[in-house]
Structure formats: structure tokens, C-alpha cells
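What follows is a set of notes on a single structure, which appears directly below.
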Amino acid sequence: MKVNGLTIKDSVLIKCSPKKVSGEIIIPDGITEIAEKAFANCKELKSIIIPNGVIRIGTGAFAHCTSLKNIAIPESVTKIDSLAFYSCTSLRRVTIPNSVTEIGEEAFEDCELLKEVVLPNCITKINRRTFTSCYSLTKIAIPEAVTSIGDMAFYCCESLKSLIFPNNLTEIEDNAFDGCKNLKNIKIPNSVTKIGHRAFIGCI
């Protein structure tokens, strides 16, 4: 079935037609999953509204949507797969609801204008390269449930100035904050038992 340039099968949004998708898109009700690369390279897509009922945002679902500025993620979503918003270079703010329990690797890598992210309370790990090269990211609150920050998770987040680590954190992996040249205020809790190679190299 096709609706406004969107291909839908068994409640899964399979793909879009980049030539027919521009401006704001409202995904129709009844969709439970946005499939892998469903909107990838839809370069004229500026805003998208995801209906309540969507559970999963697939791998690379919005990768290279370079005009995407606004996205509303509903409370029904439980998983954001790897590369989901990779290189969405116009995206500025994202609020991820507390229903989300997992954010995949490289999910927001190369979102160079992303300034603010609100993370869900129940994630336990920030995966590798999740926010790599988010040059404009100035602040982020790491939830109390997080025990591990993956390698290169915040690599080259050059605008990041301060952050507070949760008391449950046990490991900071290799190059996690490598290149965060404006990161000045760091307080590492006693719970941390592992700090990886070059985890804070290049930080002031």
C-alpha cells in the first residue's frame, strides 16, 4: 500500500519516495515500525511527526535527511536502532522519551548542528559513536541508570563544556570524550572502575 509517497506493509513503513517527500510528513496511524533506511536520503524532509504506536525506529531510518530540523518521538517507541539519525545535519534538538530502553551505535553521529538532547531515564549504556561529531552539542544530562559510556560516544563534541556523570557509572571506554576541547568541568564518581585509552585526550 502506498500513502503520500510512503510504502506500507503489515503495519511497517517500508520506504518513502524521496521525490514525493518534502516539508512536513505526518506518518499515518497504525504504523508500528519504521523500517531500515525507510527515509534515508530524503533530503527535502524538514519535519516529521511519528504517531503513537510506533515501537521501533530502524537502522538508518532517517540517515542523511540533511534538511530534517524537527522530529517528535512518541512514548510508544522502545528502541532506536543504529545510524537511525546519522548525518541529519540540520537537526538541532531531540527529546527521547522514557519509553526508549536502547539507542543504537552511531544513532546521532555527524548531527553537526545538534545542540541539545534529552536522554531517557532507563537506558543503561550510551553506545559507541552515538554522538560522534555532534560539534554543536553544549550540554547533556547522562541518566542515573547509565553504567557504561562506549568508545568514541562523544568524540569531537567540541562545544561540550560540562557534564555530570551518574553515580552508577562503572566504565568510560576508549576515546569516549576524545577531542572535546572545551570540556572543562568533569567529576568522575567513585563507582568508575575503568577509564579507557585516550578517553579524555584533547580536553582542557
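Would the stretch 121-136 turn up any residue that is assigned to a loop (DSSP other than H, G, I, E, B), within 21 Å of Pro189 (Cβ to Cβ) and among the hydroxyl-bearing types (Ser, Thr, Tyr)? Scanning the stretch 121-136, I find at least one residue that is assigned to a loop (DSSP other than H, G, I, E, B), within 21 Å of Pro189 (Cβ to Cβ) and among the hydroxyl-bearing types (Ser, Thr, Tyr), so the answer is yes.
The rows are residues; the columns are (1) assigned by TED's automatic domain parsing to the domain that holds Gly196; (2) surrounded by fewer than 17 Cβ atoms within 10 Å (Cβ to Cβ); (3) on the phi < 0 side of the Ramachandran plot.
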{"site": "Tyr86", "(1), (2), (3)": "no, no, yes"}
{"site": "Arg92", "(1), (2), (3)": "no, yes, yes"}
{"site": "Thr95", "(1), (2), (3)": "no, yes, yes"}
{"site": "Asn98", "(1), (2), (3)": "no, yes, yes"}
{"site": "Phe108", "(1), (2), (3)": "no, no, yes"}
{"site": "Arg129", "(1), (2), (3)": "no, no, no"}
{"site": "Met152", "(1), (2), (3)": "yes, no, no"}
{"site": "Asn168", "(1), (2), (3)": "yes, yes, yes"}
{"site": "Asn175", "(1), (2), (3)": "yes, no, no"}
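Number of residues in the stretch 61-73 that are more than 12 Å from the chain's Cα centre (by Cα), surrounded by 15 or more Cβ atoms within 10 Å (Cβ to Cβ) and closer than 26 Å to Lys125 by Cβ: the value is 3. Does Cys65 meet the test of being without any contact (Cβ under 8 Å) to a residue 40 or more places away in the chain, over 17 Å from Thr132 (Cβ atoms) and either assigned to a loop (DSSP other than H, G, I, E, B) or not hydroxyl-bearing (Ser, Thr, Tyr) (or both)? Yes: the conditions hold for Cys65.
In this structure, is Ile123 under 23 Å from Asn98 (Cβ atoms) and either of a type in the set (Lys, Arg) or modelled with pLDDT of 95 or more (or both)?
Numbers: under 23 Å from Asn98 (Cβ atoms): yes; either of a type in the set (Lys, Arg) or modelled with pLDDT of 95 or more (or both): yes.
When the stated conditions are applied, Ile123 passes them.
Suppose we filter the stretch 137-147 for residues that are touching a strand residue (DSSP E or B) at 6+ places or on another chain (Cβ under 8 Å) and either in a strand (DSSP E or B) or closer than 16 Å to Asn168 by Cβ (or both); how many remain? Summing the residues that are touching a strand residue (DSSP E or B) at 6+ places or on another chain (Cβ under 8 Å) and either in a strand (DSSP E or B) or closer than 16 Å to Asn168 by Cβ (or both) in the stretch 137-147 gives 6. Number of residues in the stretch 101-134 that are of a type in the set (Val, Ile, Thr) and under 11 Å from the mean Cα position of the chain (by Cα): the value is 6.
Listed here are the residues, each with its yes/no results for (1) within 23 Å of Thr138 (Cβ to Cβ); (2) in contact with a strand residue (DSSP E or B) (Cβ under 9 Å, 6 or more places away or on another chain).
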position: Ala63; (1), (2): no, no
position: Asn70; (1), (2): yes, yes
position: Glu75; (1), (2): no, no
position: Thr78; (1), (2): no, yes
position: Asp81; (1), (2): no, yes
position: Cys88; (1), (2): yes, yes
position: Glu102; (1), (2): no, yes
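Table: residues versus (1) closer than 22 Å to Ser148 by Cβ; (2) in contact with an Asp or Glu (Cβ under 7 Å, 6 or more places away or on another chain); (3) aromatic (Phe, Trp, Tyr).
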residue	(1), (2), (3)
Ser76	no, no, no
Tyr86	yes, yes, yes
Ser90	no, no, no
Pro97	yes, yes, no
Glu105	yes, no, no
Phe108	yes, no, yes
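Being at pLDDT below 95, under 15 Å from the mean Cα position of the chain (by Cα) and assigned to a loop (DSSP other than H, G, I, E, B) is a property that Ile164 lacks.
Examine the stretch 99-115 for a residue that is over 30 Å from Ser76 (Cβ atoms) and among the aromatic types (Phe, Trp, Tyr), and state whether such a residue exists.
Going through the stretch 99-115, the residues over 30 Å from Ser76 (Cβ atoms) turn out to be none.
No, every residue in the stretch 99-115 fails to be over 30 Å from Ser76 (Cβ atoms) and among the aromatic types (Phe, Trp, Tyr).
Checking each residue in the stretch 167-183 for being part of a loop (DSSP other than H, G, I, E, B) and either under 11 Å from Gly202 (Cα atoms) or among the hydrophobic types (A, V, I, L, M, F, W, C) (or both) picks out Leu169, Asn175, Ala176, Phe177, Asp178, Gly179, Cys180, Lys181, Asn182, Leu183.
The values are calculated or read from the model by the stated rules, or taken from the named source; none is laboratory data. What you are looking at is a predicted structure, and each value in this text was computed from that prediction instead of being measured. Here Cβ is always computed from backbone atoms with ideal geometry, including for glycine, and neighbour counts include all displayed protein chains.
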